[in-house]
């Protein structure tokens with residue numbers, strides 16, 4: 001919790017955008033009305049992230065109608081971005097102390113788990129992972145939001161390819 | 001001087017009450033429940049709140065999520081929410097007075113309910129509610145969104161009951 | 001000065017100790033409370049954790065409301081120092097019996113609540129409240145002069161947020177406990193509700209008598 005808030009404060013002050021980038025996937029047809037669920041948000045930060053995820057999913061044009069929650073009838077997609085790790089306390093503090101000019105390298109990892117349910121039964125589950133090295137400076141663009149957008153785009157492409165959800 | 005201050009304080013506090021443009025509806029008590037409806041809301045983060053507000057009306061036997069099986073009645077809800085905050089200089093001025101200066105806040109919601117059965121549209125309902133409030137330090141903006149949504153849900157429930165499109169629930 | 005303070009200090013100590021008594025397990029909001037000469041309907045039940053060690057929250061409630069209104073009532077179990085009377089104590093858990101005097105009419109059993117406060121040196125006091133995300137609706141039609149028995153609700157939890165209530169019929173045991181707190185209670189009649197619509201929050205045996213598998217699928 002402390003390291004997340006410290007890192008967020010540092011990054012927001014530095015002007016590095018943490019907002020999710022639009023996906024590079026555009027749908028040709030829209031799915032039938034279905035629900036997209038995410039685990040209950042643990043903080044206001046999580047709430048904002050969930051709003052962004054829903055917005056980029058809507059912008060792909062793949063969803064005609066996005067409901068929330070589980071339903072015993074119809075299709076539900078569970079999108080889970082938990083797991084993974086960000087910068088530790090040391091890189092964040094050192095980066096803040098050097099005013100984000102000296103690159104302090106750290107490894108990050110982001111995960112995405114998707115699960116498609118029909119009438120309450122699991123049809124298929126998807127798992128993606130992205131990780132790498134980056135540094136806490138203002139002149140190196142943030143790679144975490146791009147990783148998250150990449151994984152969401154890949155999930156949408158896989159859903160389109162699997163043809164498990166009918167189109168409207 | 002004391003009387004003047006008391007009167008102006010009372011005027012300010014009374015003027016800080018929340019107003020809604022959609023009138024409050026009285027739901028009659030003791031009537032039979034209407035058959036269960038399956039509700040889908042085009043807003044995943046607030047879908048549960050909208051369904052809970054429909055449950056609170058006490059008009060429907062149950063409000064389920066999802067589309068329902070063939071033969072069930074379903075409601076598709078689309079909602080457009082506009083929040084209106086005062087311009088930034090006023091926000092700064094209010095912050096400078098520790099929010100003792102009231103700020104005019106309004107939420108403008110237009111909601112469409114589409115009542116369907118087996119994919120066939122039975123009736124459309126459309127409501128607009130503008131909730132307005134002068135919010136300040138001791139009387140914040142909490143509860144405005146819920147009050148806004150709750151009025152719309154009650155208006156929909158009363159209209160559905162009056163129109164008789166939904167049958168009453170058959171006794172188990 | 002010291003001599004004048006002594007009776008005051010004794011009075012304050014006595015008041016604090018008296019305050020360390022018990023709270024009522026029955027909460028009825030003011031508009032739903034029947035007046036002294038008005039007809040009354042009673043709603044009786046018991047609530048508590050199945051296992052005190054595995055219970056995450058010391059404050060557990062079953063929430064009822066008057067149909068279509070914001071006014072409600074609750075059956076409460078409090079396990080902390082100034083708690084509700086622990087009427088039922090078995091080897092692992094405890095329960096309190098609640099008797100709700102209500103104005104007759106239509107009510108709904110719609111929600112539950114697990115409430116706890118915990119203290120940590122870094123974050124201070126945090127309050128957590130767990131309620132059903134999608135409320136359910138079990139309608140209750142209460143008539144004057146009758147006492148209805150809902151059942152015994154014992155909570156079981158897997159982890160901090162996956163909680164459910166196990167329902168059992170304990171009319172005989174709870175009736176005698178309820179009569180001790182409300183002497184003029186009419187004889188209890190069991191109110192059979194279809195708890196399948198409240199799944200997975202309330203686990204009850206199917207009307208046929210076959211058991212149900214608890215907590216099959218994970219739901220947020």
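Just one residue in the set A:35, A:5 is touching a strand residue (DSSP E or B) at 6+ places or on another chain (Cβ under 6 Å) and modelled with pLDDT of 70 or more; that residue is A:35. Need the failing condition index for residue B:45 against (1) in contact with a strand residue (DSSP E or B) (Cβ under 7 Å, 6 or more places away or on another chain); (2) facing chain A (nearest Cβ under 9 Å), just the number. Just one mismatch for residue B:45, condition (1).
Here's the yes/no breakdown for (1) in contact (Cβ under 8 Å) with a residue 60 or more places away in the chain; (2) under 28 Å from residue C:72 (Cβ atoms); (3) crowded, with 17+ Cβ neighbours inside 10 Å:
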residue: B:36; (1), (2), (3): yes, yes, yes
residue: B:40; (1), (2), (3): no, yes, yes
residue: B:63; (1), (2), (3): no, yes, yes
residue: B:68; (1), (2), (3): no, no, yes
residue: B:72; (1), (2), (3): no, no, yes
residue: B:76; (1), (2), (3): no, no, yes
residue: B:80; (1), (2), (3): no, no, no
residue: B:90; (1), (2), (3): no, no, no
residue: B:101; (1), (2), (3): no, no, no
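Mind checking which residues of region B:54-91 are part of a helix (DSSP H, G or I) and within 14 Å of chain A (Cβ to nearest Cβ)? Hits for region B:54-91 are B:54, B:55. Checked against (1) at pLDDT 85 or above; (2) within 12 Å of another protein chain (Cβ to nearest Cβ); (3) over 30 Å from residue A:105 (Cα atoms), residue A:52 meets all criteria but (3).
Taking region B:22-32 as the search range and keeping residues that are facing another protein chain (nearest Cβ under 7 Å) and touching a strand residue (DSSP E or B) at 6+ places or on another chain (Cβ under 8 Å), which one is nearest to residue B:145 (Cα to Cα)? In this case the residue turns out to be B:29. Would you call residue A:35 more than 30 Å from residue C:128 (Cβ to Cβ), within 14 Å of chain B (Cβ to nearest Cβ) and surrounded by 13 or more Cβ atoms within 10 Å (Cβ to Cβ)? Against the criterion (more than 30 Å from residue C:128 (Cβ to Cβ), within 14 Å of chain B (Cβ to nearest Cβ) and surrounded by 13 or more Cβ atoms within 10 Å (Cβ to Cβ)), residue A:35 does not qualify. Among the residues of region B:19-34, are any modelled with pLDDT of 90 or more, surrounded by 18 or more Cβ atoms within 10 Å (Cβ to Cβ) and not in a loop (DSSP other than H, G, I, E, B)? Yes, there is a match, as at least one residue in region B:19-34 is modelled with pLDDT of 90 or more, surrounded by 18 or more Cβ atoms within 10 Å (Cβ to Cβ) and not in a loop (DSSP other than H, G, I, E, B). Report yes if residue C:200 is within 14 Å of chain A (Cβ to nearest Cβ), modelled with pLDDT of 80 or more, part of a loop (DSSP other than H, G, I, E, B) and surrounded by 12 or more Cβ atoms within 10 Å (Cβ to Cβ), otherwise no. The answer is yes for residue C:200. Of the strands (runs of 3 or more DSSP E) lying entirely inside region C:97-197, those containing at least 1 residues that are away from chain B (no Cβ under 14 Å) and more than 30 Å from residue B:34 (Cα to Cα) are C:105-120, C:124-131, C:147-158, C:162-168.
It is to be established whether one or more residues within region A:114-124 are over 29 Å from residue C:130 (Cα atoms) and either over 20 Å from the mean Cα position of the chain (by Cα) or away from every other protein chain (no Cβ under 14 Å) (or both). Looking for residues that are over 29 Å from residue C:130 (Cα atoms) and either over 20 Å from the mean Cα position of the chain (by Cα) or away from every other protein chain (no Cβ under 14 Å) (or both), one finds at least one in region A:114-124, hence yes.
Condition check for residue C:91 on (1) crowded, with 18+ Cβ neighbours inside 10 Å; (2) more than 15 Å from the chain's Cα centre (by Cα): one failure, at (1). Candidates in region A:59-75 are the residues that are without any contact (Cβ under 8 Å) to a residue 40 or more places away in the chain and in a strand (DSSP E or B); of these, the one that is farthest from the other protein chains (Cβ to nearest Cβ) is A:63. Of the residues examined, residue A:35 is not one that is part of a loop (DSSP other than H, G, I, E, B) and closer than 24 Å to residue C:199 by Cα.
Given the condition away from chain B (no Cβ under 14 Å), more than 24 Å from residue A:150 (Cβ to Cβ) and at pLDDT below 85, answer yes or no: does some residue in region A:82-91 qualify? Yes: one or more hits.
Go through the residues of region A:111-122 one by one and say whether even a single one is more than 30 Å from residue B:67 (Cα to Cα) and surrounded by 18 or more Cβ atoms within 10 Å (Cβ to Cβ). For region A:111-122, residues more than 30 Å from residue B:67 (Cα to Cα) and surrounded by 18 or more Cβ atoms within 10 Å (Cβ to Cβ): present.
Looking only at residues in region B:117-139 that are over 18 Å from the mean Cα position of the chain (by Cα) and either free of Cβ contacts under 8 Å to residues at least 24 places away in the same chain or under 16 Å from residue B:159 (Cβ atoms) (or both), the one that is surrounded by the fewest Cβ atoms within 10 Å (Cβ to Cβ) is B:120. When the residues of region B:142-166 are filtered to those that are assigned to a loop (DSSP other than H, G, I, E, B) and touching a strand residue (DSSP E or B) at 6+ places or on another chain (Cβ under 7 Å), which remaining residue is surrounded by the most Cβ atoms within 10 Å (Cβ to Cβ)? Step by step, filter region B:142-166, then rank; the result is B:166. Evaluating residue B:99 against the criteria (1) out of contact with any helix residue (DSSP H, G or I) (no Cβ under 7 Å at 6 or more places or on another chain); (2) within 14 Å of chain A (Cβ to nearest Cβ) leaves one unmet condition, (2). Scanning region B:43-57 for residues that are farther than 17 Å from residue B:143 by Cα and over 15 Å from the mean Cα position of the chain (by Cα) returns a single hit, B:44. Residues of region C:48-85 that are touching a helix residue (DSSP H, G or I) at 6+ places or on another chain (Cβ under 7 Å), within 14 Å of chain B (Cβ to nearest Cβ) and part of a strand (DSSP E or B): C:66 alone.
The values are calculated or read from the model by the stated rules, or taken from the named source; none is laboratory data. What you see is a predicted model, and the numbers here were worked out from it, not measured in a lab. Backbone-built Cβ (ideal geometry, glycine too); neighbour counts: all protein chains shown.
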